[in-house]
Amino acid sequence: MVLDSPLMRKLADYETPLRKVLTLMMKARSFHCSPSLSEIFAENSRLIVAMSHGTPLGWLPSVALLGVEALESGGKARIPMGVMDNFFFHVPLIRDLAQWITQTERPLSFADLSERFLNRGDIDLIIFPEGSNCFFGPPDEIQDFRSSRFVELSIVSGAPILICAHRGSENWSLTVPVSKDSVGKLDFLPDGVRGFLEKRLLKTGLLTLPLWPAPIERFEMRCELYRPQLTAVNLSSEPEMRRQQISEESQRVHEKMCQLRDQFFLIS
């Protein structure tokens, strides 16, 4: 089955809300990208943008800053497509927002998402690979990636990954220590939910809760273009070996994101 290829909004269609969020959420900003966004856009018709999450609401200022920088670097005609958790499509108050950001009426499976990305050839896919892991652990650290499938998509499509890390929204959260005894009292939850919570809480011992976002004194972002070492030709057709290859490449992306994050502290 071939997915319909709908008429999708361009980045320019998001300019007004992006600039509004930027004005409301940060007093000062800093942005660095290697190479420059204008160079990246000139050489790549599509990208996979992998952004650090930070706090649970850290995606708001990061999307706004990268979006405005992209607009000012010749990217008005780019077509952004966000990826959000299926949960957001089932909450009445935020379903419309999820559809507007992702440019899809419903949550897409990885197969559907891949097909659309590969068929069109002109989409910039924006993802936050830590996903809901941002609720577990210090907001100034990069958490484990929930999935490595975006790396597989990069390898198969040949689209490079723009890795982005940011700092500034850490105060938008409250980090609460959770004891092992407390973790053992989650029996009332459904098995799938309980299993995920137990795994993360036992590993980190922390629950990170979102706070109301006050204006950030200075929001900083660093980005770097990354091309996977693994190519489609060398990607194994044997499932277990393929998963191992993707996992190793994903770890390299995670390490690069951590390095970008560490640079903030080296220059502070």
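The values are calculated or read from the model by the stated rules, or taken from the named source; none is laboratory data. Just so it is clear, the model here is predicted, and its values are computed rather than measured. Backbone-built Cβ (ideal geometry, glycine too); neighbour counts: all protein chains shown.
For every residue, the table says whether it meets (1) under 26 Å from Asp13 (Cβ atoms); (2) in contact with a Cys (Cβ under 8 Å, 6 or more places away or on another chain); (3) of a type in the set (A, V, I, L, M, F, W, C); (4) surrounded by fewer than 14 Cβ atoms within 10 Å (Cβ to Cβ).
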position	(1), (2), (3), (4)
Ile94	yes, no, yes, no
Ala98	yes, no, yes, no
Arg106	yes, no, no, yes
Gly121	yes, no, no, yes
Cys134	no, no, yes, no
Pro160	yes, no, no, no
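Quick check: anything in the stretch 184-196 surrounded by 13 or more Cβ atoms within 10 Å (Cβ to Cβ), assigned to a loop (DSSP other than H, G, I, E, B) and of a type outside the set (A, V, I, L, M, F, W, C)?
no
Could you check how many residues of the stretch 118-132 are modelled with pLDDT of 95 or more and either under 22 Å from Phe264 (Cα atoms) or assigned to a helix (DSSP H, G or I) (or both)?
Residues that pass the stated criteria total 4.
Check Ser154, Ser148, Ser173 and return the single one that is touching a residue at least 12 places away in the same chain (Cβ under 8 Å), among the small types (Gly, Ala, Ser), closer than 28 Å to Asp13 by Cβ and crowded, with 17+ Cβ neighbours inside 10 Å.
Numbers: Ser148 fails: closer than 28 Å to Asp13 by Cβ; Ser173 fails: closer than 28 Å to Asp13 by Cβ.
After ruling out the rest, the residue left standing is Ser154.
Quick check on the stretch 153-183: of everything there that is assigned to a helix (DSSP H, G or I) and in contact with a Phe, Trp or Tyr (Cβ under 7 Å, 6 or more places away or on another chain), which residue is farthest from Ser62 (Cα to Cα)?
Ser157
Which of the residues that make up the stretch 230-268 are surrounded by 13 or more Cβ atoms within 10 Å (Cβ to Cβ), in a helix (DSSP H, G or I) and among the aliphatic types (A, V, I, L, M)?
Ile246, Val253, Met257, Leu260
Is at least one residue of the stretch 225-237 closer than 16 Å to Asp140 by Cα and touching a Lys or Arg at 6+ places or on another chain (Cβ under 9 Å)? Walk me through it before giving the result.
If we filter the stretch 225-237 for residues that are closer than 16 Å to Asp140 by Cα, which is where we start, we get none.
The answer is no; no qualifying residue exists.
I'd like the residue in the stretch 197-209 that is touching a residue at least 60 places away in the same chain (Cβ under 8 Å) and among the hydrophobic types (A, V, I, L, M, F, W, C) and, out of all such residues, is surrounded by the most Cβ atoms within 10 Å (Cβ to Cβ).
Taking the stretch 197-209 as the starting set, the residues that turn out to be touching a residue at least 60 places away in the same chain (Cβ under 8 Å) are 200-201, 203-204, 206-209.
Restricting the remaining residues to those that are among the hydrophobic types (A, V, I, L, M, F, W, C) gives 201, 206-207, 209.
Working: Leu201: 20, Leu206: 16, Leu207: 17, Leu209: 12.
The extreme case among them is Leu201.
Which condition number does Glu249 fail, the rest of (1) under 29 Å from Val63 (Cα atoms); (2) at pLDDT 90 or above; (3) over 22 Å from the mean Cα position of the chain (by Cα); (4) not hydroxyl-bearing (Ser, Thr, Tyr) being met?
Every listed condition holds for Glu249 apart from (3).
Considering only the stretch 103-117, state which residues are of a type in the set (Lys, Arg) and part of a helix (DSSP H, G or I).
Arg116
Taking the stretch 197-219, which residues are assigned to a loop (DSSP other than H, G, I, E, B) and more than 15 Å from Ser62 (Cα to Cα)?
Gly205, Leu211, Trp212, listed by residue number.
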